[in-house]
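Laboratory data are not the source of any read-out in this text; all were calculated from the coordinates shown. Predicted model, so just to flag it, every value in this text is computed and none were measured. All Cβ positions, even for glycine, are placed from backbone atoms using ideal geometry, and neighbour counts span all protein chains on display.
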2 protein chains.
Amino acid sequence: GNLDLAAALTRPLHAADLADLIQLLEPEERLRLVAALGPDMDPDTFSYLDETVRDELLEALGPERAGAIVAELETDDAVDIIEELDEEEQREILERLPMPERIAVEEQLAYPEDSAGRLMQREFVAVPEYWLVGQTIDYMRTTPGLPDEFYDIFIVDPRMRPVGGVPVSRVLRSRRSVPIRELKLKELRLVPATMDQEEVAFLFRQYGLVSAPVVDADGRLIGVITVDDVVDVIQEEAEDDILKLGGVTETDVFARPLETVKRRAPWLAVNLVTAILASLVIAMFEEAIAKLVALAVLMPIVASMGGNAATQTLTVAVRSLAVRELTPANAARVIVKELLVGAINGLVFLAVGMVVALVWFGDPTLALVFGLAMLINLATAAFAGVVVPLVFHRLGLDPAVASGVFVTTVTDVVGFFAFLGLAGYFLL
Amino acid sequence: GNLDLAAALTRPLHAADLADLIQLLEPEERLRLVAALGPDMDPDTFSYLDETVRDELLEALGPERAGAIVAELETDDAVDIIEELDEEEQREILERLPMPERIAVEEQLAYPEDSAGRLMQREFVAVPEYWLVGQTIDYMRTTPGLPDEFYDIFIVDPRMRPVGGVPVSRVLRSRRSVPIRELKLKELRLVPATMDQEEVAFLFRQYGLVSAPVVDADGRLIGVITVDDVVDVIQEEAEDDILKLGGVTETDVFARPLETVKRRAPWLAVNLVTAILASLVIAMFEEAIAKLVALAVLMPIVASMGGNAATQTLTVAVRSLAVRELTPANAARVIVKELLVGAINGLVFLAVGMVVALVWFGDPTLALVFGLAMLINLATAAFAGVVVPLVFHRLGLDPAVASGVFVTTVTDVVGFFAFLGLAGYFLL
């Protein structure tokens with residue numbers, strides 16, 4: 001009863017909203033609602049679902065039903081879903097697709113993960129150079145199998161290589177006797193099928209594209225990428241950076257607790273090792289601490305300030321690298337600038353720190369040592385915060401992943417060493 | 001000589017690429033290149049420049065030249081540039097715009113910052129319901145002043161209220177005798193001019209929109225937002241979260257060092273206060289540390305593990321709130337889940353921690369205390385990491401800004417208190 005009512009209420013929803021609703025349910029409820037909705041549920045709903053939720057649902061529905069759902073999707077959406085499954089599940093679903101659809105999906109799966117080839121649609125409108133606007137319009141009116149909606153028409157040479165792009169609105173606004181090539185945009189940006197999606201997103205953002213032709217190794221038009229696919233990529237890539245900087249691999253709100261532990265614990269283990277490294281530095285100065293416990297009280301402040309300053313610099317560096325505002329061309333200048341910022345911040349907090357320590361412990365030498373350690377660590381933080389991600393980037397590694405631990409280990413070690421070392425020298 | 005060559009070499013570049021190039025130059029070189037390029041520099045270049053660089057350049061060029069540049073831009077791009085200037089500069093430039101342009105810009109500036117009204121273009125194509133495809137095409141072919149490129153045509157009622165949207169490609173593919181209303185999309189999503197741009201971006205992503213009509217308080221069509229504007233918003237919003245989580249207000253690669261210090265130092269000052277708070281906890285246990293220096297060695301590990309676990313949870317929570325995967329509807333479930341994750345991680349690192357401490361110091365009671373403190377702090381981290389951003393969100397505050405300090409202060413304080421407190425009780 002209740003379930004039928006729920007199904008009736010959710011039926012008029014847009015697929016994206018229905019997907020959101022399903023995600024908010026308990027895992028068992030999700031399956032029951034999908035079962036109640038039955039085959040008249042919009043298969044697009046699955047495209048909008050979070051990956052974790054989708055995989056669970058598809059598995060629970062069984063390969064028969066899953067195959068039927070995937071078969072109803074556009075090729076690029078089908079690829080999107082299938083690429084996330086494990087090989088066994090992929091095979092089971094692919095086997096159940098009608099042959100033409102199956103070939104299309106398998107061809108796209110042959111392109112590398114996160115490449116333009118995986119992202120593109122295979123349906124597009126291409127016309128020869130010598131056509132007139134009238135011919136083009138007649139072709140579009142009478143040819144079945146063209147995409148339902150499109151934003152650009154591509155002009156191709158006899159070997160199917162794109163030579164120009166024409167926005168649909170320009171075609172509409174021109175007389176039938178105008179040659180189509182006169183309407184083409186000044187610039188045409190080709191996307192090789194093997195181009196990484198991050199690169200594709202950069203092209204779209206940089207040049208404000210709405211769609212772009214995808215070409216194979218011979219330069220022949222094989223598909224088109226539209227801006228709505230790219231919006232998802234931009235979202236994903238930015239999200240990726242956020243999560244990696246936070247030490248997480250994916251948004252895992254919908255993952256089960258044990259899975260989440262499996263994903264997060266390794267990162268905590270790495271952090272344990274680096275924390276132990278910093279503690280080994282403290283252990284070197286056990287005697288000094290035993291003589292002057294104030295050192296134990298103040299030392300976490302030095303480390304924490306360094307860690308925070310480093311995180312600030314690192315965040316800016318990682319982001320600037322991602323949006324290409326930081327490049328080899330201005331790296332040296334940015335490093336010098338960050339060092340300068342670190343030094344100025346260091347002098348500010350040398351002063352503030354000295355006042356704090358003096359008021360707290362009334363010992364001018366201790367205050368001076370505390371202030372100097374702060375200066376040293378803030379300068380170190382600035383340097384490490386920008387150089388480490390640059391080096392990671394140069395080595396072809398993702399600067400967002402491990403820079404964080406790396407840099408804060410540096411500021412912990414340097415912070416403890418500078419403070420306790422100076423204290424040992426001047427105070428004891 | 002050199003400068004003329006540089007100008008000649010950069011002239012064929014796309015405005016976006018020229019902007020990137022200008023940004024990579026030293027501040028003085030930037031001005032010289034722009035001066036050498038003279039008035040035939042594409043004014044769009046300024047739209048692509050980083051805000052800091054742009055403001056400096058416009059100021060250096062003077063209001064006369066700046067006004068001329070802004071006058072050549074589309075209204076939405078002009079608004080984009082002017083809204084970032086201070087009032088004095090805004091006035092100077094607005095005074096130099098031709099009257100119709102000036103009125104258009106001022107009208108858009110009247111909408112709240114970051115609203116749909118600021119984001120929209122004022123040029124769009126609207127036709128009455130009873131028109132046929134043929135009439136629509138003839139209208140578009142013969143009417144000047146329509147936008148150069150557009151993706152949807154809007155159908156309006158006699159009071160100018162939008163009642164449907166028609167993708168341009170559908171018009172192209174239909175016979176002249178078809179009534180335009182038969183082509184309209186099932187759904188039309190209206191954007192009120194006062195809607196926040198974050199909300200607008202959500203609509204576009206959620207429903208895969210390419211353009212959307214903007215309406216005034218009476219529901220009349222006054223503009224259109226296209227997906228390329230939204231791509232920038234999505235990029236900005238995600239970047240905002242990244243930077244705030246890192247304790248930075250803006251990407252400041254192009255800002256001068258002193259400006260950068262002014263932006264970053266306040267955050268470090270906040271961190272100093274919270275670090276002192278944590279150190280006050282340590283100071284409560286000075287005696288215990290004096291007796292057993294191993295406590296000083298191990299205590300930063302407990303705090304650091306808590307901080308990292310909290311950052312993981314917090315990052316996921318902030319992101320999930322932003323993309324609306326975490327809502328009041330599933331908040332309780334997510335909190336329980338994170339607590340469970342924290343408890344399991346806590347048990348894992350209780351065990352690992354005990355082994356580490358035992359090997360290092362050979363004291364089983366110390367090892368047990370260390371392990372227990374780890375468990376307590378990891379569970380606390382999980383709880384604070386998800387509850388703090390939820391509370392911020394509920395209070396209408398941005399969870400990305402201050403959650404970080406807040407949460408790590410909690411884990412520092414609890415970490416030190418649990419470890420030193422348990423140690424004082426069991427060991428001394």
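The Cα trace of the range A:69-148 gives Rg and Dmax of 15.9, 50 Å, the first to one decimal, the second as a whole number.
Sorted from longest to shortest, the spans of the Cα atoms of the range A:14-77 along the three principal axes equal 30, 23, 22 Å.
Quick one: angle between helix B:364-394 and the longest Cα principal axis of chain B, in degrees between 0 and 90, rounded to 10, please. Rounded to the nearest ten degrees, it is 30.
How far is A:ARG175 from itself in the other copies, in nm, if each label sits 7 Å out from Cα along the Cα-Cβ line, shortest first? Those label-point separations list as 2.6 nm. Given chain A, what percent of its DSSP beta bridges are antiparallel, to the nearest 5? Antiparallel bridges make up about 70 percent of those DSSP assigns within chain A.
Once the convex hull of all Cα atoms in the range A:206-263 is built, its volume per residue stands at 147 Å³.
Across peptide A:261-270, the average count of Cβ atoms from other chains found within 10 Å of a residue's Cβ is 5.
Counting Cβ atoms of other protein chains within 10 Å of each Cβ in B:134-143 and taking the mean gives 2. Peptide A:20-31 has a mean shielding of 2, counted as Cβ atoms of other protein chains within 10 Å of each residue's Cβ.
Each copy carries a label point for A:ASP157 at 7 Å from Cα along the beta-carbon vector; from one copy to the others these points are 5.4 nm apart, nearest first. Each residue of the range A:73-87 is assigned a 3J(HN,Hα), and the resulting list reads 7, 5, 4, 5, 5, 4, 4, 3, 6, 5, 5, 7, 7, 7, 4 Hz, derived from the Karplus form 6.51 cos²θ - 1.76 cosθ + 1.60 (θ = phi - 60°), x at Gly and Pro. Each residue of the range A:292-302 is assigned a 3J(HN,Hα), and the resulting list reads 9, 5, 3, 4, 5, 6, 8, 4, x, 5, 4 Hz, derived from the Karplus form 6.51 cos²θ - 1.76 cosθ + 1.60 (θ = phi - 60°), x at Gly and Pro. When chain A is treated as a Gaussian network with alpha carbon springs shorter than 10 Å, the biggest mean-square fluctuation among A:VAL127, A:VAL191, A:VAL178 belongs to A:VAL178. Summing Cβ point charges (Lys, Arg +1; Asp, Glu -1) relative to the Cα centre of the range B:126-244 gives a dipole of roughly 1100 debye. Rg ratio for the range A:126-230: its Cα radius of gyration over 2.2 N^0.38 Å, N being its residue count, equals 1.06.
A simple charge model with +1 on the Cβ of Lys and Arg, -1 on the Cβ of Asp and Glu and nothing else charged puts the dipole of the range B:179-265 at about 100 debye relative to its Cα centre. Sorting the segments A:311-321, A:74-84 by their residues' average number of neighbouring beta-carbon atoms within 10 angstrom, most packed first, yields A:311-321, A:74-84. Can you give the % of DSSP beta bridges in the protein assembly as shown that are antiparallel, to the nearest 5? Around 70 percent of the beta bridges assigned by DSSP in the protein assembly as shown are antiparallel ones. Relative to one another, the C-alpha centroids of the range A:97-116 and the range A:166-239 are positioned 20 Å apart. Two numbers describe the Cα atoms of the range A:2-110: Rg and Dmax, which are 13.6, 45 Å. Over the range A:257-427, the alpha carbon radius of gyration divided by the compact-protein estimate 2.2 N^0.38 Å works out to 1.13.
Per-residue 3J(HN,Hα) values for the range A:333-342, derived from phi via the Karplus relation 6.51 cos²θ - 1.76 cosθ + 1.60 with θ = phi - 60°, read 5, 5, 4, 4, 4, 5, 4, 4, 4, x Hz in sequence order (x marks Gly and Pro). The angle between the Cα long axis of helix B:15-24 and the longest principal axis of the Cα atoms of chain B comes to about 40 degrees, rounded to the nearest 10. With the Cα gyration tensor of the range A:194-234 giving a ≥ b ≥ c as the square roots of its eigenvalues, does the rule (a/c under 1.5 for rounded; else a/b larger than b/c for prolate; else oblate) give rounded, prolate or oblate? Since a/c reaches 1.5 and a/b is larger than b/c, the shape of the range A:194-234 is classed as prolate. So what's the angle, to the nearest 10 degrees on a 0 to 90 scale, between helix A:133-142 and the longest Cα principal axis of chain A? Its long axis makes an angle of about 80 degrees. Just so you know, the averaged projected area of the alpha carbon convex hull for chain B sits at 28.4 nm². Once the gyration tensor of the Cα atoms in the protein assembly as shown is diagonalised, the equivalent ellipsoid follows with semi-axes of 53, 35, 23 Å, ordered largest first. Would you mind classifying the range B:301-377 by shape? Square roots of the alpha carbon gyration tensor eigenvalues, ordered a ≥ b ≥ c; an a/c under 1.5 is rounded, otherwise it is prolate if a/b is larger than b/c and oblate if not. The shape class here is prolate.
Charges were assigned to the Cβ only: +1 to each Lys and Arg, -1 to each Asp and Glu. The resulting dipole of the protein assembly as shown about its Cα centre is roughly 800 debye. Amide H contacts under 5 Å for B:GLY165: B:ILE155, B:LEU185, restricted to partners 5 or more places along the chain or on a different chain, H placed in the peptide plane at 1.01 Å from N.
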